[in-house]
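First the structure, in the form of structure tokens, and then the observations on it.
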Amino acid sequence: MRILVSACDSNSEDSIDNLEYHAGIGLSDHLVISILIVKIKLPEEMYSMSLFNYNKGDYEAINGNLIGIDWLFKFLGLITEEI
């Protein structure tokens, strides 16, 4: 848990609360760990990044460009790693 605390720019172990272990999911032999993170200071680059406004997209033009592509020909003979 110290790695998580240091990644959140905090040197206080009070930043983590309610550490709980749960049974694995399905047939997994791994435990599920849940924690509550409180009082953290996020690095500035995590909250100052630009976000796109997808409501302003010209989706008719995008669809018009995509529909003109022969997708079968474009991917013909390629394996998954080459796509």
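Considering only residues of the stretch 31-71 that are among the charged types (D, E, K, R) and modelled with pLDDT under 80, which is surrounded by the most Cβ atoms within 10 Å (Cβ to Cβ)?
The extreme case among them is K39.
Report yes if S15 is small (G, A, S), in contact with a strand residue (DSSP E or B) (Cβ under 7 Å, 6 or more places away or on another chain) and modelled with pLDDT of 85 or more, otherwise no.
Criteria not met by S15.
The values are calculated or read from the model by the stated rules, or taken from the named source; none is laboratory data. Note that the structure is a prediction, hence the values are computed from the model and not measured. Cβ coordinates were reconstructed from backbone atoms using ideal geometry, including for glycine residues, and neighbour counts include every protein chain displayed.
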